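Scroll down for the structure; my scribbles are underneath it.
The values are calculated or read from the model by the stated rules, or taken from the named source; none is laboratory data. All of these numbers come straight from a predicted model, not from anything done at the bench. Quick reminder, even Gly has a Cβ in these numbers, built from the backbone with ideal geometry, and neighbours come from all protein chains shown.
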Amino acid sequence: MRSDSRKPSLRSEIRLQKYLAAAGVGSRRYCEELIRGGAVAVDGAVVTELGTRVPHDGARVTVRGQPVRMESHETWVLHKPPGVLCTRHDPGGRPTIFDLFPRRSVRLYSVGRLDGASEGMLLVTNDGALANRLTHPRFHVPKRYRVWTSRALAPGDVRALVAGFPVEGVRMRMVGIHPVRSKPPCYEIILQEGRNRQIRRMLGARGVGVSRLVRTAIGPLRLGSLPIGEARRLTAQELRALAAACDQPAIR
């Protein structure tokens, strides 16, 4: 039987808990609890089934009688300075990346992290699907870094780092290591993983210290001449390139 062409396709729909999370209601788990508890209605009908799909636009969704709406997606690139944390609030009062942004109507999150001492390219977005694909290793999105080391890497170091080895019980590896200059020693290091302080921990396991670490690229995006501490929104062309890099449906 021919389907009704007026029915929205699955591509234009989203699971209700994802819709609520994208609307800023709370975490995915919290939104699932709201649905199970009967606090959510779609077009006036209470919904308690987690698999329920709603269109991105056109549905009236309420939580405890209050209407909610998905935020429009924003994705920014930031040139993170050293000494700034990738968190929304620090109990010790240290500066965070969100201190560098003007107050916004949408809630943004960092795509992965750079530790406090590291600097360079950081993506900040409210597009959870894009963030997941950029950070999950199975999508093979490379991240490039310039790393200044305490000594030159020996051939055995390079072979071990590329082959990979366990660090504190977790196996890690680098995709590529290329010398940039010899004095002081500096390398371009490429990762497809995003484990906490991975470069510092792996080099430390080989007895190599890191004096400076700068992320220079994520997938097809380059940090370029963006001044340190500054941020800008990605262009439509850059978003399409990111989508292609992580095999995501093109962002229109």
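Key figures
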| item | result |
| --- | --- |
| Filter result (farther than 20 Å from GLY169 by Cβ and more than 21 Å from the chain's Cα centre (by Cα)) within the range 189-218 | VAL208, GLY209, VAL210, SER211, ARG212 |
| Matching option when the condition is of a type in the set (Asp, Glu) and crowded, with 16+ Cβ neighbours inside 10 Å, among GLU230, GLU238 | GLU238 |
| Output for the range 197-252, where each listed residue is among the β-branched types (Val, Ile, Thr) and in the same structural domain as ALA163 (by TED's automatic domain parsing) | ILE199, VAL208, VAL210, VAL214, THR216, ILE218, ILE228, THR235 |
| Filtered residue count, the range 176-187, keeping only those that are surrounded by fewer than 16 Cβ atoms within 10 Å (Cβ to Cβ) and closer than 18 Å to HIS140 by Cβ | 1 |
| Tally, over the range 30-75, of residues that are under 30 Å from GLU119 (Cβ atoms), surrounded by fewer than 17 Cβ atoms within 10 Å (Cβ to Cβ) and at pLDDT 90 or above | 0 |
| Elements of type strands (runs of 3 or more DSSP E) in the range 57-141, at least 3 residues being hydrophobic (A, V, I, L, M, F, W, C) and touching a residue at least 40 places away in the same chain (Cβ under 8 Å) | 75-80, 119-125 |
| Single match in ALA129, ALA160 (criterion: out of contact with any strand residue (DSSP E or B) (no Cβ under 8 Å at 6 or more places or on another chain), farther than 24 Å from ILE14 by Cα and surrounded by 14 or more Cβ atoms within 10 Å (Cβ to Cβ)) | ALA160 |
| Members of the range 78-116 that are surrounded by 14 or more Cβ atoms within 10 Å (Cβ to Cβ) and among the aliphatic types (A, V, I, L, M) | LEU78, VAL84, LEU85, ILE97, LEU100, LEU108, VAL111, LEU114 |
| Residue among ARG215, ARG171, ARG222 that alone is closer than 21 Å to TYR109 by Cα, surrounded by fewer than 16 Cβ atoms within 10 Å (Cβ to Cβ) and not hydroxyl-bearing (Ser, Thr, Tyr) | ARG222 |
| Selection status of VAL124, farther than 16 Å from LEU191 by Cβ and touching a Phe, Trp or Tyr at 6+ places or on another chain (Cβ under 6 Å) | yes |
